[in-house]
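In what follows, a single structure is set out as structure tokens and then discussed.
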Amino acid sequence: MSLRLKNLVSANAPVIRAYLSMVGGSAGRLVISLVYFIAIANTLSIAEFGLFATASACGIMLSRLLAFGFVSPLYRIATVKTRLLGVYTAGFLGGVVLSVPVIVLAAWLTHMLVFSEQMALVTFAKIIVAEVLCWRIMEIAVIVSYGTNRFGSGSVLVVVATLLKTIAAVLFAWLADGSLASWGWYYLAANGLSAMLAILFFYPRVRLRWNLALYTRRWVDAVSVAGAEMLFYIQSELDKVLVLSLGGPETAGVYAIIMRLVDLTALPVRAFLTVLTQKLMRTPAMLEELKNRALLEGAVAAVSTAGLLGMAGFLWLFPNALGKNVAVAAPLLIFVALVPAFRNLIEYHSELLYATGRTVVRMVILASLGAMKALLLAYVLGLHADVMVWVELLNVAFLVLYLQSALMTYRALRTIRKRPI
């Protein structure tokens, strides 16, 4: 048994080192993110925190339109053909310029439909620019670093960017008036500085070269990935918009606090998914065995649930440890015990489809999940039940979404072929 384990570790040593490097970054990010969360959630009112979380979620969704998804070819090239990175970086920059007018129009429509009566357009714009342009550029530098096997560099950048947001949050809690309008400036400044550092010190030094023929060839893949990413984040973040629309800012604030705590427990899982995606891009046949699929799903579910239970136990012992506003939502955390597992498994399914080149199918599945999630949440919130009841029903809603995702994903993965880069 020990010999088999030793051989397994030896055979997967590069993957294990990459994961440990990323987990190290995730651990640092977890601690820093917790400080950030405590500062913001307890400085803003619960209602304004709900508005900020919802606006940020809209920014995350819109950020997937940046460059119309050309980050996907950029990542693939960084992973397998680094010599072409300069060509694809130029293509990405061209895509950014073309996508900005579309993003501006989409952001204006989002504000008009969701936030017009609850948040000033200027405040909303600051949050959107911070998410769509600044934070997304930092993420792309991290993605390229991971693609070129510079996992340590990518992890450091994530920690630095999160630290800058945390410093901004602490300064805001200490110096500012505690309003959402003021926080918007701090948030934009922190994210803007992260983007500058990412470009100047972390993105690989490349010579930009333009090659329209290569970009045209990658157009379908890029657009389908952009659509899939947009749909993934719609089904992932739409709940905040629905809760705000159907329950109001106060309910949205409580929900945002619960989901933020859930997200904090998911950081080690996301590091695993990043490494797994690269492994599958190189050896997609590893999914052919049912045992491998079951083990991977079980690992994701177990780590996700353990993280949530650990957080819930800590807050049960020390309910005020994260501040007075968080203490309002903390007792509800145990009632969403299964949600992290189902959410992370849905993300895992999405990564499987991306890694095996099924970008169009991925987009279709994510669209169906987004529609189903909207229906389920509208039904749950439409019951006008007590907070504890609708929070418990979230487990059932995410179970339905997981089953739908699993059935559609594994059906699409029946025939595994490696797609040419």
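The values are calculated or read from the model by the stated rules, or taken from the named source; none is laboratory data. Treat the numbers as computed from the prediction; the structure is a model and nothing was measured. Note that each Cβ is placed from the backbone with ideal geometry, even for glycine, and that neighbours are counted across all protein chains shown. Just so you know, the surface numbers come from the protein's heavy atoms only, side chains and all, with ligands and any DNA or RNA stripped out. Shrake-Rupley method; radii C 1.70, N 1.55, O 1.52, S 1.80 Å.
Some values worked out for this structure:
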| read-out | value |
| --- | --- |
| Answer from V9, V102, V35 - the residue that is exposed (fewer than 15 other Cβ atoms within 10 Å of the Cβ), modelled with pLDDT of 85 or more and not polar (S, T, N, Q) | V102 |
| Hits in region 76-99 - residues which are hydroxyl-bearing (S, T, Y) and either crowded, with 23+ Cβ neighbours inside 10 Å or in contact with an Asp or Glu (Cβ under 7 Å, 6 or more places away or on another chain) (or both) | Y88 |
| Flag for G227 being surrounded by fewer than 22 Cβ atoms within 10 Å (Cβ to Cβ), under 23 Å from the mean Cα position of the chain (by Cα) and under 30 Å from M372 (Cβ atoms) | yes |
| Single residue of region 371-389 satisfying the filter (modelled with pLDDT of 85 or more and of a type outside the set (A, V, I, L, M)) that is surrounded by the most Cβ atoms within 10 Å (Cβ to Cβ) | K373 |
| Single unsatisfied condition, N292 versus (1) at pLDDT below 85; (2) open to solvent by less than 20 Å² (accessible area, probe 1.4 Å); (3) in a helix (DSSP H, G or I) | (2) |
| Single condition A125 does not satisfy, out of (1) open to solvent by 30 Å² or more (accessible area, probe 1.4 Å); (2) modelled with pLDDT under 90 | (2) |
| Some residue of region 61-68 being in contact with a Cys (Cβ under 9 Å, 6 or more places away or on another chain), under 18 Å from L157 (Cβ atoms) and crowded, with 19+ Cβ neighbours inside 10 Å | no |
| Residue count for region 315-326, restricted to those that are in a helix (DSSP H, G or I) and surrounded by 17 or more Cβ atoms within 10 Å (Cβ to Cβ) | 3 |
| All positions within region 300-314 that are under 24 Å from the mean Cα position of the chain (by Cα) and open to solvent by less than 50 Å² (accessible area, probe 1.4 Å) | V300, A301, S304, T305, G307, L308, G310, M311, A312 |
| Extreme residue, most open to solvent (accessible area, probe 1.4 Å), among residues of region 332-367 that are in a helix (DSSP H, G or I), among the small types (G, A, S) and modelled with pLDDT under 90 | A367 |
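Residues are listed down the side, and each one gets a yes or a no for (1) assigned to a helix (DSSP H, G or I); (2) open to solvent by less than 50 Å² (accessible area, probe 1.4 Å):
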| site | (1), (2) |
| --- | --- |
| A161 | yes, yes |
| A168 | yes, yes |
| G178 | no, yes |
| M196 | yes, no |
